[in-house]
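Only one structure is covered here, and it is reproduced in the block below.
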Amino acid sequence: SQTIHQWPATLVQPVGSPLSLECTVEGTSNPNLYWYRQAAGRGLQLLFYSVGIGQISSEVPQNLSASRPQDRQFILSSKKLLLSDSGFYLCAWIPQGAGANVLTFGAGSRLTVL
Amino acid sequence: SQQGEEDPQALSIQEGENATMNCSYKTSINNLQWYRQNSGRGLVHLILIRSNEREKHSGRLRVTLDTSKKSSSLLITASRAADTASYFCAPDNYGQNFVFGPGTRLSVLP
């Protein structure tokens, strides 16, 4: 079966520290992968998406970067966190070549920057 | 891709009542999808309606699509406390990137 995993689930980090959030998908090949951020009580902001290994599209200039070192692995990183990086980060995927694009989301990673 | 705009931003109803939320978008679409997000969780896909469909049902959910007005509505009938969540629409025009609006926060009071 197809599943998506995100970790860590919660993270508290000081300002200026690095960040690494990981997302992996099982049971599919060559998915499109997405990172979203959601501020408290707000909608989702698309940060990055990837249609293949090493292919990253950035939607919003950020203090963040994304990488896709393997087909089913998507990593969100930062070298130095800002207070404004706090939020709920969601990874999602879509099967490549699917008849209709239906996103499947992970459980999310809640980041608090102090 | 394009962003859908949900309306109202917040909705509070009593259990058993119907809840209606709307979505507007700006350009042509292939399909439109609705998602639900329970507090502190990821989004869950609810229903997809294609551009050549006008209405679709799934359990207590009814979705309509008016491509001439570039709008969609989601009706939840006989609401329950468990329907309390945020609801998002996602217009899809064959794009690879999905952009979500601010959503409608639905509160169903017991």
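The values are calculated or read from the model by the stated rules, or taken from the named source; none is laboratory data. Since we're looking at a predicted model, the values are computed, not measured. Cβ coordinates were reconstructed from backbone atoms using ideal geometry, including for glycine residues, and neighbour counts include every protein chain displayed.
Here are a few things to note about the model shown:
Residues are listed down the side, and each one gets a yes or a no for (1) modelled with pLDDT under 95; (2) assigned to a strand (DSSP E or B); (3) closer than 23 Å to B:Tyr94 by Cβ:
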site: A:Ser17; (1), (2), (3): no, no, no
site: A:Leu21; (1), (2), (3): no, yes, no
site: A:Asn30; (1), (2), (3): yes, no, yes
site: A:Phe48; (1), (2), (3): yes, yes, yes
site: A:Val51; (1), (2), (3): yes, yes, yes
site: A:Ser67; (1), (2), (3): no, yes, no
site: A:Leu76; (1), (2), (3): no, yes, no
site: A:Leu81; (1), (2), (3): no, no, no
site: A:Gly99; (1), (2), (3): yes, no, yes
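- Residue check, A:Phe74 surrounded by 20 or more Cβ atoms within 10 Å (Cβ to Cβ), among the aromatic types (Phe, Trp, Tyr) and within 11 Å of chain B (Cβ to nearest Cβ): no
- Qualifying position, being within 11 Å of chain A (Cβ to nearest Cβ) and either among the polar types (S, T, N, Q) or on the phi > 0 side of the Ramachandran plot (or both), among B:Tyr94, B:Tyr35: B:Tyr94
- Residue check, A:Leu81 touching a residue at least 60 places away in the same chain (Cβ under 8 Å), at negative phi and surrounded by 19 or more Cβ atoms within 10 Å (Cβ to Cβ): yes
- A:Arg42 part of a loop (DSSP other than H, G, I, E, B) and either within 11 Å of the chain's Cα centre (by Cα) or within 10 Å of another protein chain (Cβ to nearest Cβ) (or both): yes
- Residues of the range B:28-44 include at least one that is closer than 22 Å to B:Tyr94 by Cα, touching a strand residue (DSSP E or B) at 6+ places or on another chain (Cβ under 6 Å) and in a loop (DSSP other than H, G, I, E, B).
- Boolean, B:Val99 is within 14 Å of chain A (Cβ to nearest Cβ), under 30 Å from A:Ile56 (Cβ atoms) and at pLDDT 95 or above: no
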